[in-house]
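Colleague: My questions will all concern the structure given below.
The values are calculated or read from the model by the stated rules, or taken from the named source; none is laboratory data. Remember, it's a predicted structure, so these values are computed and weren't measured experimentally. A quick note on method: Cβ atoms are made from the backbone with ideal geometry, for glycine too, and the neighbour counts reach across all protein chains shown. The area values use the complete protein model at the heavy-atom level, side chains included, leaving out ligands, DNA and RNA. Shrake-Rupley method; radii C 1.70, N 1.55, O 1.52, S 1.80 Å.
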Amino acid sequence: MIGFLAKRLLWMALTLWVVFTVSFFLMRAVPGGPFSEERKIDPYALEVFEARYNLDEPLPVQYWLELKRTVWHGDLGLSIRKVDYTVAEIIAEGLPISATLGIVAMAFALTLGITAGVVSSVRRGTVLDFSLMTVATVGIALPNFVVAGIAIVLVVFIWPIFPAAGWGGVQHVILPAFCLGAPYAAYIARLVRTGMLDVLGQDYIRTAYAKGLMPRRVIMRHAMKGAMLPVASFLGPAVAGILTGSLIIEQIFAIPGLAYNFVQAAVQRDYTVAMGLVLTYTTLLYTMNLLVDISYSYLDPRVKLE
Amino acid sequence: MSENILQVDELAVEFKTDDGIVKAVDGVSFALDRGETLGIVGESGSGKSVTNLAIMGLIPQPPGRVTAGRALLKGEDLLQMSTRQLTKVRGNRIAMIFQDPMTSLNPFLSIADQLTEVTRIHLKLSYEKSLTRAIEMLERVGIADPGRRVHDYPHQFSGGMRQRVMIAMALLCKPEVLIADEPTTALDVTIQAQILELMHELQETEGTAIILITHDLGVIASVCHRVGVMYAGKFVEKADVDGLYEHPQHPYTLGLMESIARLDEEATARLTPIVGQPPDLAHLPPGCAFRPRCPYAVDRCAAEEPPLADGPHGGQHACFVDVSTAERKEVVDG
């Protein structure tokens, strides 16, 4: 276990370095810079600004200086466009908001998805199964911004029970989390149904019935774990999807989270903020995938971590 | 000794398939006494497993359906029981061992989890007591170091060991009836003998009645008291094991015996297989289902179905012909 973790952390460091390098040069390759605006900036002021962020140095030197600052001092630097903000401060403000949104969306996707999948498989071939799976198919097919649009029309305008946008209270979390999680709930529902049907046809389920267990116990105790395996492997991509999905959802609902800042930073060529957020996302995704791998060995005793 | 435990009368089970309705079991009756072992032999698809799954209420419905019959466990009809009543019987008064020990244990739960839940549910034991009992049972079925092994998972056991675990699981509540559905088919020959010996020992000490389903006549001969031979969903011959082996009355039984190698025969003797394929249960021919493959068939077999009638070996058989005197013809395959 320790060896496994050490190995994975080493890989993570390597991954972060590759991501850093690729992002650095990609950002610089995009036309325009932090200070190219329609409004003319005083050439002297521009020189001062550029010197402050090392932008006057040749590219390899900039790369070296930024890598050294990030790795050696653990410092993501100052925001170029948000004056007086460090990148760390921007992350510290946005992360709790985005994490809340993401966790609620994920919890919603898992609860709804697993429940619908189990019900569907147990009531296979009934109207209930058919309706649930139809909704799930539609849910997978619709992109989250379409879901968001429809949801806003329905529960903000026609039947105003949720605020249209903003952040602050519980009422602000529910609608965006629903829109963010809905496609994943749908996908998980289908996965659980398929996994469950597969498991329910296994010999050991017949053994469980032959032992005199009630159907509910057979499903919850004997079938559930096996049916959850495909869901566990899907959680990695799902986390990635929820991270990227939040880029759109935070814009639609004007939520001041990481993704909102990320989009702003990309548009304004705020190199340091964009880099800081790319590294944050990489770390999050890598950690989640690591947790998924570990959870796998807990679900299935035949899997050994190495 | 002749205390009746299980009485099955005129059991019939149907399956709905794309090919029409299949009568997997059609009018099967038998009785089982305390401490007795009844062997049920037949080819794949002869209805031997379905008969016993029906008794346990384990026929998947749909597509399956029990259409007629009774299965009385000390007078109570298992086929009329609700799910809740059945769960009190299964694993407690009737237990079952399945053919493939590699897939019959849940790979996600430890042996301890899988054994303790049986006694916790049926005997309402505490976890500690049920664990002690599970360890005792594992020891009895010959698992070394059961106190430690009980916490292992199925994939850490070999096939023979898993079948021992299955037997331990089945016997935890001292059932009145043990149904063993081809318990040794998936195992090595040496392990087969050990498993049969183990079942026999447990029967001696507990007085459990056993239904042993198999297609292996050798297994039947070594452990059973009585034998029923099934063909196309029906018994075609029932007799004491000695009577059946010495004087098989049904051409199918005879065919089964001729198709296995015997140690007391000369090495040059040829095996005689049964010609043809098992019948398509959705489209059974009129008359005797075995007629197309039968070397003794006469005209009457195509028109009438022979009923089970008393035979000279003290049992019953369903055939119009006396195989000891009848003329044997060549059967053309197809």
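Colleague: Return the pair list, or none, for Cβ contacts closer than 6 Å from residues in region A:72-89 that are in contact (Cβ under 8 Å) with a residue 12 or more places away in the chain and hydrophobic (A, V, I, L, M, F, W, C) to residues that are open to solvent by less than 60 Å² (accessible area, probe 1.4 Å) and in a loop (DSSP other than H, G, I, E, B), at least 6 apart or on different chains.
Modeller: Listed by first residue and then by second, the contacts come to A:Ile80/A:Pro34; A:Ile80/A:Tyr53; A:Ile80/A:Asp270; A:Val87/A:Leu76; A:Val87/A:Gly77; A:Val87/A:Ser79; A:Ala88/A:Leu76.
Colleague: Restricting attention to region A:121-142, which residues are closer than 21 Å to A:Ile242 by Cβ and open to solvent by less than 50 Å² (accessible area, probe 1.4 Å)?
Modeller: A:Ala136, A:Gly139
Colleague: Go through region B:97-128 and give me each residue that's facing chain A (nearest Cβ under 7 Å), under 18 Å from B:Ile179 (Cβ atoms) and open to solvent by less than 10 Å² (accessible area, probe 1.4 Å).
Modeller: Matches in region B:97-128: B:Phe98, B:Ser104, B:Leu105, B:Val118.
Colleague: Let me ask something else. Please find, within region B:166-184, the residue that is farthest from B:Thr103 (Cα to Cα) out of those that are more than 11 Å from every other protein chain (Cβ to nearest Cβ) and either touching an Asp or Glu at 6+ places or on another chain (Cβ under 7 Å) or part of a helix (DSSP H, G or I) (or both).
Modeller: If we take residues in region B:166-184 being more than 11 Å from every other protein chain (Cβ to nearest Cβ) and either touching an Asp or Glu at 6+ places or on another chain (Cβ under 7 Å) or part of a helix (DSSP H, G or I) (or both), then B:Lys174 is farthest from B:Thr103 (Cα to Cα).
Colleague: Consider B:Leu178 against the criteria (1) closer than 26 Å to B:Ser44 by Cα; (2) touching a helix residue (DSSP H, G or I) at 6+ places or on another chain (Cβ under 8 Å); (3) among the hydrophobic types (A, V, I, L, M, F, W, C); (4) open to solvent by 10 Å² or more (accessible area, probe 1.4 Å): it satisfies all of them except one. Which criterion is unmet?
Modeller: Single failed check for B:Leu178: (4).
Colleague: Which residue is farthest from the other protein chains (Cβ to nearest Cβ), if the candidates are limited to region B:66-81 and must be within 11 Å of B:Leu11 (Cα to Cα), part of a strand (DSSP E or B) and open to solvent by 40 Å² or more (accessible area, probe 1.4 Å)?
Modeller: So, considering only residues that are within 11 Å of B:Leu11 (Cα to Cα), part of a strand (DSSP E or B) and open to solvent by 40 Å² or more (accessible area, probe 1.4 Å), the one farthest from the other protein chains (Cβ to nearest Cβ) is B:Ala68.
Colleague: (1) in contact with a Lys or Arg (Cβ under 7 Å, 6 or more places away or on another chain); (2) of a type outside the set (A, V, I, L, M); (3) open to solvent by less than 40 Å² (accessible area, probe 1.4 Å): which one isn't true of B:Thr37, the others all being true?
Modeller: (1)
Colleague: Follow-up question, since we're still on this one. Give the residues of region B:40-59 that are surrounded by fewer than 24 Cβ atoms within 10 Å (Cβ to Cβ) and away from chain A (no Cβ under 14 Å), sorted by residue number.
Modeller: B:Glu43, B:Ser44, B:Gly45
Colleague: What's the total number of residues in region B:273-308 that are within 13 Å of B:Pro251 (Cα to Cα) and loosely packed, with under 13 Cβ neighbours inside 10 Å?
Modeller: 1
Colleague: Could you please let me know if A:Ala45 is within 26 Å of A:Tyr281 (Cβ to Cβ) and part of a helix (DSSP H, G or I)? Write out each step before concluding.
Modeller: On the way: within 26 Å of A:Tyr281 (Cβ to Cβ): no; part of a helix (DSSP H, G or I): yes.
Spelling it out, it is not the case that A:Ala45 is within 26 Å of A:Tyr281 (Cβ to Cβ) and part of a helix (DSSP H, G or I).
Colleague: Output the residues belonging to region A:192-203 that are in contact with a helix residue (DSSP H, G or I) (Cβ under 6 Å, 6 or more places away or on another chain) and either of a type in the set (Asp, Glu) or closer than 15 Å to B:Glu117 by Cβ (or both).
Modeller: Answer for region A:192-203, where residues must be in contact with a helix residue (DSSP H, G or I) (Cβ under 6 Å, 6 or more places away or on another chain) and either of a type in the set (Asp, Glu) or closer than 15 Å to B:Glu117 by Cβ (or both): just A:Asp203.
Colleague: Restricting to region B:155-165, give me the number of residues that are surrounded by fewer than 24 Cβ atoms within 10 Å (Cβ to Cβ) and within 12 Å of another protein chain (Cβ to nearest Cβ).
Modeller: 3
Colleague: Another question, if that's okay. Just to be sure I understand the filter: pairs with C-beta atoms under 7 Å, separated by 6 or more residues or on different chains, first member in region B:215-228 and closer than 18 Å to B:Leu198 by Cβ, second member buried (at least 16 other Cβ atoms within 10 Å of the Cβ) and of a type in the set (Gly, Ala, Ser). Which pairs pass?
Modeller: B:Ile220/B:Gly39; B:Cys224/B:Gly39
Colleague: Output the qualifying pairs, or none if there are none: Cβ atoms under 8 angstrom, residues six or more apart or on different chains, first residue in region A:229-248 and among the aromatic types (Phe, Trp, Tyr), second residue open to solvent by less than 30 Å² (accessible area, probe 1.4 Å).
Modeller: Close Cβ pairs satisfying both conditions: A:Phe234/A:Ile188.
Colleague: If you don't mind, there's one more thing I want to ask. Working only within region B:131-156, note down all residues that are closer than 21 Å to B:Leu202 by Cβ, in contact with a Leu (Cβ under 8 Å, 6 or more places away or on another chain) and in a loop (DSSP other than H, G, I, E, B).
Modeller: Correct list: B:Val141, B:Gly142, B:Val150.
Colleague: Tell me yes or no: at least one residue of region B:82-90 is in contact with a Leu (Cβ under 6 Å, 6 or more places away or on another chain) and either facing chain A (nearest Cβ under 8 Å) or buried (at least 16 other Cβ atoms within 10 Å of the Cβ) (or both).
Modeller: no
Colleague: Quick check on my filter: what residues within region B:185-218 are open to solvent by 10 Å² or more (accessible area, probe 1.4 Å), of a type in the set (Val, Ile, Thr) and in a helix (DSSP H, G or I)?
Modeller: B:Val189, B:Thr190, B:Ile191, B:Thr205, listed by residue number.
Colleague: Now, a different point. Does A:Val263 satisfy the condition of being farther than 22 Å from A:Val231 by Cα, in contact with a Ser or Thr (Cβ under 9 Å, 6 or more places away or on another chain) and of a type outside the set (Lys, Arg)?
Modeller: No, not satisfied.
Colleague: Give A:Leu14, A:Leu55, A:Leu76 a once-over and let me know the one that is open to solvent by 50 Å² or more (accessible area, probe 1.4 Å) and not polar (S, T, N, Q).
Modeller: A:Leu14
Colleague: So A:Ile103 clears everything in (1) open to solvent by less than 70 Å² (accessible area, probe 1.4 Å); (2) within 20 Å of the chain's Cα centre (by Cα); (3) not acidic (Asp, Glu) except one condition, right? Which one?
Modeller: Single failed check for A:Ile103: (1).
Colleague: While we're here: Taking the stated definitions as given, is A:Arg221 in contact with an Asp or Glu (Cβ under 8 Å, 6 or more places away or on another chain) and either open to solvent by 30 Å² or more (accessible area, probe 1.4 Å) or not hydroxyl-bearing (Ser, Thr, Tyr) (or both)?
Modeller: Numbers: in contact with an Asp or Glu (Cβ under 8 Å, 6 or more places away or on another chain): yes; either open to solvent by 30 Å² or more (accessible area, probe 1.4 Å) or not hydroxyl-bearing (Ser, Thr, Tyr) (or both): yes.
In short, yes.
Colleague: I've got another one for you. Taking only region B:172-199 into account, find how many residues are touching a residue at least 60 places away in the same chain (Cβ under 8 Å), more than 21 Å from B:Leu123 (Cα to Cα) and more than 14 Å from the chain's Cα centre (by Cα).
Modeller: 2
Colleague: If you go through region B:1-21 one residue at a time, do you hit one that is open to solvent by less than 30 Å² (accessible area, probe 1.4 Å), modelled with pLDDT of 90 or more, under 30 Å from B:Gly160 (Cα atoms) and not in a loop (DSSP other than H, G, I, E, B)?
Modeller: yes
Colleague: Out of A:Leu229, A:Leu180, A:Leu243, which single residue is surrounded by 15 or more Cβ atoms within 10 Å (Cβ to Cβ), touching a Leu at 6+ places or on another chain (Cβ under 7 Å) and within 14 Å of chain B (Cβ to nearest Cβ)?
Modeller: Answer to the check: A:Leu229.
Colleague: Looking only at region B:129-147, decide whether some residue is within 25 Å of B:Ile211 (Cβ to Cβ), buried (at least 23 other Cβ atoms within 10 Å of the Cβ), modelled with pLDDT under 95 and within 11 Å of another protein chain (Cβ to nearest Cβ).
Modeller: No.
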